[in-house]
1. Where Rh denotes the Kirkwood radius from the mean inverse Cα pair distance, what is Rg over Rh for the stretch 254-445?
2. Per residue, how big is the convex hull of the stretch 456-632 when only Cα atoms are used? Give it in Å³.
3. What fraction of the DSSP beta bridges in the chain is antiparallel, stated in percent and rounded to the nearest 5?
4. Quick one: 520, 181, fewest Cβ neighbours within 10 Å first, how do they rank?
5. Please express the shape of the stretch 277-339 as an equivalent ellipsoid: the semi-axes are the square roots of 5 times the eigenvalues of the C-alpha gyration tensor, given largest first in whole angstrom.
6. Please report the Cα spread of the stretch 87-230 along all three principal axes, rounded to whole Å, starting with the longest.
7. So, how do all the Cα-to-Cα distances of the stretch 159-288 break down into 10 Å bins, in percent, from 0 on up?
8. Based on the alpha carbons, how large is the Rg to Rh ratio for the stretch 223-273 when Rh follows Kirkwood?
């Protein structure tokens, strides 16, 4: 929207400079267009009237028509309240006000019939509504049929009469002025195919619904449009990048065939085979691969990565893998070195801890092409690290790297941009993946290797601690190892660190016969690594730690994960922590410890963990509980730019919108057909203010 929609809101009759300044600061509303897109977040059903006898605790807001029997002021000073005793033909109740008493009192003449609206509550045997809205009864409103919009507002706005009703009045003044100028932003074909109402009618109905069905259609139309343009931008960016970025043709399978025939130690799952086929199709296409591989903890992503490396090396290129921490880089190196040695391929590890003399050799062998595989951390990004021919760049847990860092890795080959494989063990709901990674091709390894035993998860309360200690003792006696994890929301929080140290001391007292490790974010890197290595080597039996172990520790002998104060963790974090066990052949366990009193959301999180090991199901629940902005981080995702659509609730509409965007670009890649000109105009308009979605890839 532009033109009249760019008019500053202060020029609208009834707003003025003071209210406009508040709307700017409190709601980020500057223009007519901003105001028009300040959509209601819910609607109140003003179509039904309740009799006093019909009221129940389960009801939210209700409308009651009642007559004033008497009005009295009770109490003094801050405790003063106004009580109106009202009645209808089924009973009596009270209406109570603690603020604005003088103003309300004038509107309560004894004997008058009024409409009261609010949340009913029962005190003793009498019903009451605190601070109800009230209005006189007229023939029009007694038989009305409408849903009243409720707008988000703030205390500062309410103080200037810009509550939900005040905002609705502004929109009532604004809509007639702008209505004829609201442009249609979707093509006739899309409107017809997806049975969407026009933009003008959608805007009218979203703010002033005339019927439930029309409100439903308005919401669908506006949600569809938001998702459609989001997906269209992502897909157009993907097309542009594919056209501009040539990739090396990596099509040789010589090493791969040798590995399959002579060296692979186990049968690949069908999911692994499918993902390898998808990646191979990209690598031999002549276009740059940009593929995200999602796989739950232990699903075999590393083996898929190694097989893709073999394809690259067979074709005369080199491969690298960048991990976010030294511990994770080390573990990738140890795991891949076994297979690389088997195949006679030179592999090296480059981290901040690599000695200067070793670095020199690595740099030389990379440049000569002798070194085929390089595993490392941010150290891979240094300018001095130059490849002879980098063909495949793999990034593990990519959300932990900044955009500029990843871009430096892509620049390691001057002739061809390397093929890019992004791996994550953080399950991402499909709707979020379509949005966050809409310009990447997504592969999912949704199958665990055969014979892997599901982790058994239980929820225990603090009162059960002695039984849990007994269980730990039994497992350690069998030769197993145990993690005990404490929450540390901020590493600097003194109380959390004290809880960790208190926990460590209580474990030491309970198990004097077993050597312990302790790891937390406040420790120096070398001390942390030393403690980690002791546990990995089996020198210590129990590790007491904070969430620094969430990513990167792989100890097949560890079979028990105890998570203290589990109610303080998010679902995704709990699932990642649980994934630290279950790496070996033995049965593994996860024990979620919590206090007895839990919030509703905490109960849902812990019940979900006990019920399922499926990371994608867990991610879906997490999305519903926390919302997309919180789940991925607003700065990264930009998803909070959505004004009306909701990724956690509107997945079917998102799927339709993506299908529509794909079909449109397939039929008219340049959006040059006359019917699609409004869409092209809207894309250009949105580009000026759009979130930089390309940073995701």
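Read-outs throughout are calculated quantities, based only on the coordinates presented, and are distinct from any laboratory measurement. Just so it is clear, the structure is predicted and the values come from calculations on it, not from any experiment. All Cβ positions, even for glycine, are placed from backbone atoms using ideal geometry, and neighbour counts span all protein chains on display.
1. When Rh is taken as the Kirkwood radius, the ratio is 0.93.
2. Value for the stretch 456-632: 119 Å³ per residue.
3. Of those bridges, close to 40 percent are antiparallel.
4. By the 10 Å Cβ count, ascending, the order reads 181, 520.
5. With the √(5λ) rule applied to the stretch 277-339, the semi-axes are 21, 14, 11 Å.
6. Taking max minus min along each principal axis of the Cα atoms, the stretch 87-230 gives 59, 35, 29 Å.
7. Histogramming the stretch 159-288 at 10 Å steps yields 10, 22, 19, 15, 13, 13, 7, 2 percent.
8. Numbers: Rg = 19.5 Å, Rh = 15.1 Å.
We get a ratio of 1.29 for the stretch 223-273.
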